[in-house]
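The values are calculated or read from the model by the stated rules, or taken from the named source; none is laboratory data. The shown structure was predicted, so the numbers you read here are calculated from the model rather than taken from an experiment. For neighbour counting, all protein chains shown are included, and Cβ atoms are generated from backbone atoms with ideal geometry for every residue, glycine included. Accessible surface areas use protein heavy atoms only, side chains included; no ligands, DNA or RNA. Shrake-Rupley method; radii C 1.70, N 1.55, O 1.52, S 1.80 Å.
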Amino acid sequence: MFFISILLQLPLSALLASWSVSYKPSSICVFERSSVDFTCSFQYPSYQTLKITKWFKPREYQKQDGSQEGIFVYNSKVAEIDQRYRNRTVYAKQDNNCSLQLHNVSKSDIGKYFFRLETNFLNGKYTGSGGIYLSVAVLPFRVTVKTQKVNGSIHEGDSVTLRCSTENCTPKQGVFAWFKNQRLLPQATGNELQISSVSHNDFGNYSCGLKNSSTTSADEILLDVRYSPKNVEITILTSGKIEQGNSLTLICHSKANPAVKNYTWFRIRDANISSIAFDSEFSIIAASQKDDGQYFCTAKNDMGSQNSTIMVLKVEVPSSRHFLLTTTAVLFFVIAVLLVLFGLVRRKRITPKKHSTEQTPAVTVTEVIYENLRKSPESEENHTSPIYAAVKLPWSTSERLCSNSQEGDAVIYSLLKSE
């Protein structure tokens, strides 16, 4: 009778009031060690008094529809809160606001969460249906490639989507950063990088992460775009000028995936095209004028082929002046060497021997001394023939004069005056 009398005194709006709990969003994904907000609002009859508010997560073996209370994540009766969630939650504590904030999220927090309220009425208990499902993104990031082909290689022109994701889920919040060969792609800020028509320029290693965050970036993944040879060109490696007698090598360069394995060299001469080699390099050991002509190469792989531009090869013949200068230089070099050798030999032959300390007159041993005596006027007038006399020097004098001579005695000739 008491409750009936109370109901008769309530206004019609209060009698029509219903129980309700609203969750937003119905599911959410966050990174490990981050925080998450469960937005929640509720209604209950105004004639009742709110006594207890709680958030719980059903245990694994319980029903997941909220019909069975499980682990208390939050409870207005603090003693009821599970040890794993103490000091990790913040409740709104506002009228009709049941929002909850959970800190330091871990993989063990994955599951569904429900809000339940109790009033002073015997049957005044209500659990909001549906709840909020929490998924935890486990790092590191990973890049996956999605194409229109199933288990097929990526060719130029294909549509490709690179997706930055983590284990379990990928959070929507935050700005993503994409990297190609460790260089930031400033225009890519979402968790997906779409390339509508991939080209050989898109070939490279890609990774992702959160922009302006220390969150671990993904390991690089290769976007393996297969394409036919590009930028085929010829370079010349030579030992000097392209002159007669010098060696040179023509090298065919290309950019391709897969790498080029088949090369062909062609020469155009007198309007005739002929294949001359089948390697990336073509060598000429001793160039001559017969090697003059136009050259080009072809690079080929499984995706196609491409020709290089034509290169004109002109072998120069050294001029006569150049030959004369070269010959003269060689001749001067040979003469200089001979002069040096001759000087060394001569110096060795004229080196004097060492002798005793006895002083000797400064007279050359092999020198013959002639002494011309003045003629008398009479001899000049009579034209008398001169008379020569041989004088033998004493042994002591001869020994001094011929100390180094192998001849022995020295002879002195003297012009004698006739009578």
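The chymotrypsin sites (Phe, Trp or Tyr not before Pro) found in the range 98-172 that occupy coil by DSSP, while having at most 16 further C-beta atoms within 10 Å, are Phe121. So which of Lys77/Lys112; Lys255/Lys314; Lys146/Lys172; Lys57/Lys93; Lys51/Lys172; Lys180/Lys241 end up more than 31 Å apart by C-alpha? Cα-Cα > 31 Å for Lys51/Lys172; Lys180/Lys241; rest within.
Taking amide hydrogens as placed 1.01 Å from N in the peptide plane, the amide H of Cys169 sits under 5 Å from those of Val138, each at least 5 positions away in sequence or on another chain.
Short-range pairs are left out: with C-alpha atoms under 8 Å and at least six residues apart, the relative contact order of the range 209-274 is 26 percent. Each residue of the range 289-303 is assigned a 3J(HN,Hα), and the resulting list reads 5, 6, 8, 4, x, 9, 10, 8, 10, 10, 10, 9, 9, 5, 8 Hz, derived from the Karplus form 6.51 cos²θ - 1.76 cosθ + 1.60 (θ = phi - 60°), x at Gly and Pro. Solvent exposure of the range 187-345, expressed per residue, is 63 Å² of accessible area, with all protein chains present and a 1.4 angstrom probe.
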